[in-house]
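Everything below concerns the one structure shown next.
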Amino acid sequence: MSAPGEAPDRSRAVVVGGGLAGITAALRLADAGLDTTLVETRPRLGGLAFSFHRTGGAGGLTVDNGHHVHLRCCTAYRWFLERVGARDLAPLQPRLDIPVYDVERRRLGRLRRTALPVPLHLAASLASYPHLSPVERIRAGRAALALRRLGRIDPNDPALDGQDFAGWLRRHGQSPRAVRALWDLVGVATLNARAPDVSLGLAAMVLTTGLLTEPGAADIGWSRVPLGHLHDTLAGAVLEKAGVRVVRQGRARTLRPEPDGTWRVEVDTGARGFAGGETLTAGTVVLAVPQKEAHRLLPEGAVAEPERLLRIGTAPILGIHVVYDRKVLHRPFLAALGTPVQWVFDRTEASGLGGPGGARGEAAGQYLTVSQSAAGEEIDRPVAVLRERYLPELARLMPAARSARVRDFFVTRERTATFAPAPGVGRLRPAARTGAPGVWLAGAWTATGWPATMEGAVRSGLTAAREALAALGRPHDDVFPEAA
Ligand SMILES: Cc1cc2nc3c(=O)[nH]c(=O)nc-3n(C[C@H](O)[C@H](O)[C@H](O)COP(=O)(O)OP(=O)(O)OC[C@H]3O[C@@H](n4cnc5c(N)ncnc54)[C@H](O)[C@@H]3O)c2cc1C
């Protein structure tokens, strides 16, 4: 706090929350010359996109809490990767190509693009997609064009936000099979909910941005190394270089106004039970924490109807992890139909299976992650039950798994993986600016226009920092003008 009679110190900033939103905001504020502190409860940065080490079962593995993909159109997240020096560690497919195997009909289809302009880039793939009948393919093409028209209007239009995607698909002639084999196949993975539980506005936004704007927009990228390397190790080093003080294992307990117009953040610190404490004061505070925590910390009157933050629901993602004694999946990933299995990813190399240096040939085996979105019904099932359910399904999907030995099986459960993209969620999501001067909100759940993604998180951090700097009258280079 400044001494009586002195102008309040506006050169300091505190960012609460070391997920992608908070890291981004802290970097941008520090880049613009603010004396910035980033406070994160956990011992590591990266928030919902992190890694941990697992010993036992199959030897040492570095495991991501959930397999994370991004698309070429995720320009803010691509900027983030560049900023932390990791762009080459999370490369994009040269061209969108999703293998989709229907277990019941034993047919492999591909959703892939050509170099033709939109929407012709997907036409050939849709025309030969074996999981739909010829009539369903034509109807799907028509619905895609209608969706594109919606996406062009304004996906944030409250009238669209209030409707559910399933009703719209029905009205546009989409059969239950088309919903399963096409719309939900992509939608569940990107939105973490099935069509009946998805806001039409968000569905239109994500599907048109990914599939119907630029030909390459939906080319898929993923990290070749553990997420923790990108979001904790590299990001931590870049924050330090930018001059950000990072307080790990520091939990912001309260946020209170000071008489001079600055803010006081009381932080509980200390590895064991937060034994210590620290008081930080700053003219700028960015709350980049989940919605419940933001609701708790926000000063009174900072947002209209603060309870609406609590009405933004959450949705779980379940990870099934299997280490086989040999290679059973001969592609980087596979989407599945006719089975509870949704998407399977090969994480052998990224996990370092086989010890330092990574997998060495067949001897090391193969480590697969099954990503189960919208997993409300299964998220609390015991490991043994999930094992009994999923191992036979994986054997149906990948015949080589039938004769392979399972060296390790475990699950990861993220109960609040994303905000729920439910109809009406758009009007609950707050902007970065709050009614408390100097206090800003960030996080994938804020009003980014995007579903809960790494892209949304980075965008929110860029927006909060840009608006905070503009309010301070500080010059700042607009690294990412589209993030408005
Ligand atoms: C299993 C899983 C799979 C996913 N798959 C994908 C995917 O494929 N593609 C994609 O783009 N996105 C995916 N996501 C979503 C993506 O990870 C998130 O949207 C994004 O990481 C959210 O970042 P954030 O910074 O907004 O919030 P968070 O990551 O939640 O960060 C908030 C941080 O605030 C900290 N915090 C909370 N309270 C306090 C406090 N009082 N004081 C200090 N710190 C505090 C928390 O510890 C946390 O680190 C997935 C998420 C999960 C869990």
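Could you check, for the range 442-456, whether at least one of its residues is in a helix (DSSP H, G or I), within 16 Å of the ligand (Cβ to nearest atom) and not assigned by TED's automatic domain parsing to the domain that holds Ala26?
No, the range 442-456 contains no residue that is in a helix (DSSP H, G or I), within 16 Å of the ligand (Cβ to nearest atom) and not assigned by TED's automatic domain parsing to the domain that holds Ala26.
Which of the residues spanning the range 412-454 are among the small types (Gly, Ala, Ser) and over 14 Å from Lys292 (Cα atoms)?
Listed by number, the residues that qualify are Ala422, Gly424, Gly426, Ala431, Ala432, Gly435, Ala436, Gly438, Ala447, Gly449, Ala452.
Any idea which of Pro119, Pro94, Pro99 is in contact (Cβ under 8 Å) with a residue 60 or more places away in the chain and loosely packed, with under 14 Cβ neighbours inside 10 Å? Quick ask: steps written out before the conclusion?
Details: Pro119 fails: loosely packed, with under 14 Cβ neighbours inside 10 Å; Pro99 fails: loosely packed, with under 14 Cβ neighbours inside 10 Å.
Result: Pro94 is the single residue among Pro119, Pro94, Pro99 that is in contact (Cβ under 8 Å) with a residue 60 or more places away in the chain and loosely packed, with under 14 Cβ neighbours inside 10 Å.
Listed here are the residues, each with its yes/no results for (1) under 22 Å from Asn65 (Cβ atoms); (2) among the basic types (Lys, Arg); (3) not assigned by TED's automatic domain parsing to the domain that holds Gly33.
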{"position": "Leu234", "(1), (2), (3)": "yes, no, no"}
{"position": "Arg253", "(1), (2), (3)": "no, yes, no"}
{"position": "Glu266", "(1), (2), (3)": "no, no, no"}
{"position": "Gly276", "(1), (2), (3)": "no, no, no"}
{"position": "Val286", "(1), (2), (3)": "no, no, no"}
{"position": "Glu293", "(1), (2), (3)": "yes, no, no"}
{"position": "Glu305", "(1), (2), (3)": "no, no, no"}
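I'd like the full set of residues that are more than 21 Å from Arg87 (Cβ to Cβ) and either among the hydrophobic types (A, V, I, L, M, F, W, C) or within 16 Å of the ligand (Cβ to nearest atom) (or both), limited to the range 200-242.
Leu200, Leu202, Ala203, Ala204, Met205, Val206, Leu207, Leu211, Leu212
Would you mind stating whether Leu318 is touching a helix residue (DSSP H, G or I) at 6+ places or on another chain (Cβ under 7 Å) and more than 20 Å from Asp102 (Cβ to Cβ)?
Against the criterion (touching a helix residue (DSSP H, G or I) at 6+ places or on another chain (Cβ under 7 Å) and more than 20 Å from Asp102 (Cβ to Cβ)), Leu318 does not qualify.
With the condition being at pLDDT 95 or above, within 15 Å of the ligand (Cβ to nearest atom) and under 30 Å from Leu212 (Cβ atoms), I'd like the strands (runs of 3 or more DSSP E) fully within the range 2-90 carrying at least 1 qualifying residues. Before you say what the answer is, go through the steps one by one.
Details: elements: 12-16, 35-40, 51-54, 61-64, 69-71.
Qualifying strands (runs of 3 or more DSSP E): 61-64, 69-71.
I'm checking my understanding of the structure. Among residues of the range 306-335 that are within 16 Å of the ligand (Cβ to nearest atom) and in contact with a Gly (Cβ under 8 Å, 6 or more places away or on another chain), which one is farthest from Gly60 (Cα to Cα)?
Filtering first and then ranking leaves Ala315.
Can Ala193 be described as more than 30 Å from Ala115 (Cβ to Cβ), within 16 Å of the ligand (Cβ to nearest atom), crowded, with 22+ Cβ neighbours inside 10 Å and in the same structural domain as Thr446 (by TED's automatic domain parsing)?
no
State which residue pairs qualify: first residue touching a residue at least 12 places away in the same chain (Cβ under 8 Å) and inside the range 407-418, second residue near the ligand (Cβ under 9 Å from one of its atoms) and open to solvent by 40 Å² or more (accessible area, probe 1.4 Å) in any location, beta carbons under 6 Å apart, and separation of 6 or more residues or different chains.
Close Cβ pairs (under 6 Å, with a partner that is near the ligand (Cβ under 9 Å from one of its atoms) and open to solvent by 40 Å² or more (accessible area, probe 1.4 Å)) amount to Glu414/Ile317; Ala417/Ile317.
Pick out the one residue from Gly424, Gly438 that is more than 8 Å from the ligand (Cβ to nearest atom), surrounded by fewer than 18 Cβ atoms within 10 Å (Cβ to Cβ) and not polar (S, T, N, Q).
The conditions single out Gly424.
Go over the candidates Leu132, Leu145, Leu160, Leu111 one by one and state the one that is outside any strand (DSSP E or B), open to solvent by less than 50 Å² (accessible area, probe 1.4 Å), out of contact with any Lys or Arg (no Cβ under 9 Å at 6 or more places or on another chain) and over 30 Å from Leu45 (Cβ atoms).
Exactly one residue qualifies, and that residue is Leu160.
Which one of Val246, Val303, Val289 is assigned to a loop (DSSP other than H, G, I, E, B), open to solvent by 10 Å² or more (accessible area, probe 1.4 Å) and within 14 Å of the ligand (Cβ to nearest atom)?
Val289
Going by what's in this entry, would Val198 be described as within 27 Å of Thr434 (Cβ to Cβ), in contact (Cβ under 8 Å) with a residue 24 or more places away in the chain and not assigned by TED's automatic domain parsing to the domain that holds Asp346?
no
The values are calculated or read from the model by the stated rules, or taken from the named source; none is laboratory data. Fair warning: this is a prediction, and the values are worked out from it, not measured in the lab. Positions of Cβ are backbone-derived with ideal geometry, glycine not excepted, and every protein chain shown enters the neighbour counts. Side chains are part of the model used for accessible areas, which takes the heavy atoms of the whole protein and leaves out ligands, DNA and RNA. Shrake-Rupley method; radii C 1.70, N 1.55, O 1.52, S 1.80 Å.
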